[in-house]
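What follows is one structure encoded as structure tokens, with my remarks underneath.
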Amino acid sequence: MIRYFRSIIFWGILVLFVILFGLILPPLSLFFKNKQRFYFSVFSFFTKMLLILTWIPVKVLGRENLKDYDMQQGLIVAVNHSSLLDTFVLLAKLPFVFKFIAYGAGFRLPFIKVLYEGAGYVGAGLKGEKMVPHLVSLREVLKRKEKIAIYSRPSMKEGEVKFSEGAVWLSNEFQTPILPVAIKGASELLPMGKFLLGWGRVILSIGKPSYFSSPDALQKEVSRLYAEIS
């Protein structure tokens with residue numbers, strides 16, 4: 001019974017605030033010079049509250065790996081992906097402003113489209129088994145030395161990590177480091193395609209900003225971070 005109650009709270013709050021934010025954030029953003037930072041701040045605060053209200057504890061490891069990094073520079077955040085919760089965990093816990101490569105279907109949905117565009121997200125479409133981002137938009141983000149999160153291929157198995165060659169290629173082209181990040185526990189609370197919340201905690205492990213020679217090297221590093229989470 002408690003599980004159903006938590007799930008109703010989670011999805012109810014999420015749907016309510018997507019609609020509410022889709023209506024009020026566009027006019028409010030006119031009062032802010034940096035509109036995308038404003039959207040991110042709202043998203044980050046909301047996801048923190050959502051995790052607290054639905055009893056989803058998140059522990060963060062590796063913050064010290066960012067202490068020597070110049071946050072005025074760009075960054076590609078590479079993350080394993082096996083749960084809808086991954087997005088909320090990243091928004092709530094990563095200590096810097098960033099954007100997402102988001103599935104392009106969201107740009108065709110009312111309210112979500114407004115939020116994606118306001119936050120400056122980059123749309124991506126499916127090509128076979130790969131998510132292919134809008135390359136021009138992604139290049140513009142990296143040219144402006146902004147930060148963007150790229151998920152590995154979605155997987156029902158949480159520890160499975162597979163990136164396309166695009167992240168490494170863009171990292172080298174724009175001399176933008178990749179920040180490997182591993183999320184553990186999210187799929188136990190909310191697996192892909194499910195709606196009922198389970199129990200447990202999520203752990204987010206932040207690696208060191210680095211350059212990688214190949215997708216395999218990046219996958220190994222994210223897998224290593226994941227395996228070291230206890």
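Details
One line per residue, one yes/no per condition, for (1) more than 15 Å from the chain's Cα centre (by Cα); (2) surrounded by fewer than 16 Cβ atoms within 10 Å (Cβ to Cβ); (3) modelled with pLDDT under 90; (4) closer than 30 Å to Phe5 by Cβ:
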{"position": "Lys145", "(1), (2), (3), (4)": "yes, yes, no, no"}
{"position": "Ile150", "(1), (2), (3), (4)": "no, no, no, no"}
{"position": "Val168", "(1), (2), (3), (4)": "yes, no, no, no"}
{"position": "Leu179", "(1), (2), (3), (4)": "no, no, no, no"}
{"position": "Leu196", "(1), (2), (3), (4)": "yes, yes, no, yes"}
{"position": "Gly200", "(1), (2), (3), (4)": "yes, yes, no, yes"}
{"position": "Ser213", "(1), (2), (3), (4)": "yes, yes, no, no"}
{"position": "Glu221", "(1), (2), (3), (4)": "yes, no, no, no"}
{"position": "Leu225", "(1), (2), (3), (4)": "yes, no, no, no"}
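- When the test is whether a residue is under 30 Å from Gly12 (Cβ atoms) and open to solvent by 10 Å² or more (accessible area, probe 1.4 Å), His134 does not pass it.
- Comparison of Glu160, Glu188, Glu140 shows that the only residue that is outside any loop (DSSP other than H, G, I, E, B), farther than 22 Å from Tyr69 by Cα and charged (D, E, K, R) is Glu188.
- Restricting attention to region 21-31, the residues being open to solvent by less than 100 Å² (accessible area, probe 1.4 Å) and either of a type in the set (Asp, Glu) or in contact with a Phe, Trp or Tyr (Cβ under 9 Å, 6 or more places away or on another chain) (or both) number 5.
The values are calculated or read from the model by the stated rules, or taken from the named source; none is laboratory data. Quick caveat, the model's predicted, so the values are computed rather than measured. A quick note on method: Cβ atoms are made from the backbone with ideal geometry, for glycine too, and the neighbour counts reach across all protein chains shown. Accessible surface areas use protein heavy atoms only, side chains included; no ligands, DNA or RNA. Shrake-Rupley method; radii C 1.70, N 1.55, O 1.52, S 1.80 Å.
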